[in-house]
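Take a look at the structure set out below.
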Amino acid sequence: MPVPFSPATAEQAVAVVEAVAVYGQPTNVDVVMEFSDLPREQAEAALNLAADLGLLSHAGGTFEVASPLCRLLSTANQMQKAVVLRLVLESYRPFVVFRERLIATNLAQSAAQQTKAILDLGSHREAIKDTLISLGTYSHALITEGGGRYRPEEQASDNPLEALAQTCRDDASAEARIREQLGPDASTSSSRDEVIVPLADALLRAKSGDSRGAVVTAGNAIESYLDDLATQKSVSLSGATGINAKLDRFDRAGTLPKKLVHVGKYLGHIRNAADHGTDADVGASWSIRKETGIEYVFVACSFVAAAVARARGNPPVI
C-alpha cells in the first residue's frame with residue numbers, strides 16, 4: 001500500500017495545525033481557510049500533510065488534534081516550532097528515507113525520485129522534493145548550500161529537549177496563574193482540559209503578541225464553561241451557537257444575573273470580532289490590540305469565578 005503523502009509547505013502545515021488547535025474541536029476546511037488565510041486547495045493539502053505527519057486526525061470531513069505536540073506549535077516562537085517539527089520528522093518515513101538518499105546522492109532531485117520509488121508515493125517527484133525540503137529547512141534538519149543543493153544538518157539543534165522543557169515550564173506557570181486568577185472554588189470546579197488549560201494557552205498567546213489567538217482560545221474556554229454550567233442547571237442550549245446565544249438562554253432561564261450576562265456578552269462580542277472575518281457594520285475585519293488580548297483572558301477568568309460563586313449561592317461578586 002502506498003505511503004500517504006500530501007504536498008504542501010511546512011509553513012502551511014503549521015498554520016493549519018494552529019487553526020485546529022485553537023478551534024479546539026473537530027474543524028472543517030472552511031474554518032481553517034478563514035483562520036489561516038489560505039485558499040481551499042492549499043488548506044486541504046496542508047491539512048492532509050499535517051495528518052500524514054501524525055499531528056492531526058480526520059474523519060467525516062473534519063480534522064482534530066491527534067498529538068500533544070500541536071499545542072507546542074501554537075506559538076509565536078519560531079525556534080520552538082522548528083524544534084517540534086524536527087522531532088516529528090524523525091518518525092516521518094518519507095523524510096527519513098529522503099534524508100538517507102540525499103546523503104547517498106548529494107542531489108535533492110535524485111533523492112526525491114528514489115524516495116518516491118522506495119515508498120511508492122503517488123505524488124510527482126518535484127512535489128515530493130519541494131515538500132520535504134520545506135519541512136527540512138523549516139525545522140533546520142536540512143541546510144541550504146546554494147545552487148539548489150541541500151545537506152542534512154549534522155549538528156543536533158541546540159538543546160531541543162531543553163526547549164520543550166522550557167515550554168512545559170511556561171505552560172505550568174501559565175496554568176498556575178490562571179488558577180490563581182480563578183480562585184480556589186472556580187479552579188477546583190472547572191474542567192482542566194476544557195477551561196483551565198485553554199485559558200492558560202490563551203494567556204501565553206497574549207503574552208507572545210498573538211492577541212487574536214488569545215481571544216479565540218479563551219472564548220472557546222468560556223463556551224465550554226457555559227456548556228458545563230447548562231448541564232448543572234438544566235438549561236437547554238439546543239440550537240444556541242456561540243457565547244452570546246448561550247448567554248441569552250441563561251438570561252431567559254434566570255440562571256445568571258443580568259450584570260454577569262452583560263460581562264459575558266463583552267466576551268462574546270470580542271470573540272466574534274476576532275473570529276468572524278469581515279464585519280458588515282464596519283466593512284472590514286477587526287484588528288485585536290495586544291492589550292485587548294491580555295485583558296480578555298483576565299476578564300474571562302473573572303466571569304468564570306463570578307459565575308461559579310453565584311452557582312454556589314455565595315454573595316454576588318464581580
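For this structure, a couple of remarks:
- Count - residues of region 53-70 that are open to solvent by 40 Å² or more (accessible area, probe 1.4 Å) and either under 13 Å from the mean Cα position of the chain (by Cα) or under 17 Å from Ala127 (Cβ atoms) (or both): 5
- Contact map, region 51-70: first residue over 20 Å from Thr9 (Cα atoms), second residue open to solvent by less than 40 Å² (accessible area, probe 1.4 Å), Cβ cut-off under 8 Å, separation 6 or more or different chains; pairs are Gly61/Val29; Thr62/Thr27.
- Qualifying residue in region 203-213 (condition: farther than 23 Å from Leu72 by Cβ, crowded, with 19+ Cβ neighbours inside 10 Å, of a type in the set (Lys, Arg) and out of contact with any Phe, Trp or Tyr (no Cβ under 9 Å at 6 or more places or on another chain)): no
- Hey, Leu73 under 17 Å from the mean Cα position of the chain (by Cα) and either surrounded by fewer than 19 Cβ atoms within 10 Å (Cβ to Cβ) or in contact (Cβ under 8 Å) with a residue 40 or more places away in the chain (or both) or not: yes
- Any hit, region 16-29, residues being closer than 18 Å to Leu135 by Cβ and out of contact with any Leu (no Cβ under 9 Å at 6 or more places or on another chain): no
- Of all residues in region 91-100, those being in a helix (DSSP H, G or I), touching a residue at least 12 places away in the same chain (Cβ under 8 Å) and surrounded by fewer than 18 Cβ atoms within 10 Å (Cβ to Cβ) number 1.
- None of Ala300, Ala274, Ala307 is modelled with pLDDT under 90, part of a helix (DSSP H, G or I) and either open to solvent by less than 50 Å² (accessible area, probe 1.4 Å) or within 27 Å of Met33 (Cβ to Cβ) (or both) except Ala274.
- In region 221-245, residue nearest to His262 (Cα to Cα) [restricted to those that are open to solvent by less than 20 Å² (accessible area, probe 1.4 Å) and not in a loop (DSSP other than H, G, I, E, B)]: Ile243
- Exclusive hit being within 24 Å of Gly147 (Cα to Cα) and either among the β-branched types (Val, Ile, Thr) or not in a helix (DSSP H, G or I) (or both), set Ile103, Ile118: Ile103
- Criterion: touching a Cys at 6+ places or on another chain (Cβ under 6 Å), open to solvent by less than 30 Å² (accessible area, probe 1.4 Å) and touching a residue at least 12 places away in the same chain (Cβ under 8 Å) - qualifying residue of Val83, Val88, Val17: Val17
- Within region 247-270, tally of residues that are of a type outside the set (Phe, Trp, Tyr), in a helix (DSSP H, G or I) and open to solvent by less than 20 Å² (accessible area, probe 1.4 Å): 6
- Which listed residue is touching a residue at least 40 places away in the same chain (Cβ under 8 Å), at negative phi, assigned to a helix (DSSP H, G or I) and in contact with a Ser or Thr (Cβ under 6 Å, 6 or more places away or on another chain), from Asp201, Asp185: Asp201
- Of all the criteria given as (1) more than 22 Å from Val65 (Cα to Cα); (2) of a type in the set (Asp, Glu); (3) in contact (Cβ under 8 Å) with a residue 40 or more places away in the chain, the one not satisfied by Glu295 is (3).
- Out of Thr255, Thr278, Thr231, sole residue that is in contact with a strand residue (DSSP E or B) (Cβ under 9 Å, 6 or more places away or on another chain) and either hydrophobic (A, V, I, L, M, F, W, C) or more than 19 Å from Ala21 (Cα to Cα) (or both): Thr278
- Those residues of region 36-50 which are under 16 Å from Arg212 (Cβ atoms) and either out of contact with any helix residue (DSSP H, G or I) (no Cβ under 7 Å at 6 or more places or on another chain) or free of Cβ contacts under 8 Å to residues at least 24 places away in the same chain (or both), in sequence order: Asp37
The values are calculated or read from the model by the stated rules, or taken from the named source; none is laboratory data. This one's a predicted model, so the numbers in the text were calculated from it and none came from an experiment. A quick note on method: Cβ atoms are made from the backbone with ideal geometry, for glycine too, and the neighbour counts reach across all protein chains shown. What goes into the accessible areas is simple: the full protein's heavy atoms, side chains included, and nothing from ligands, DNA or RNA. Shrake-Rupley method; radii C 1.70, N 1.55, O 1.52, S 1.80 Å.
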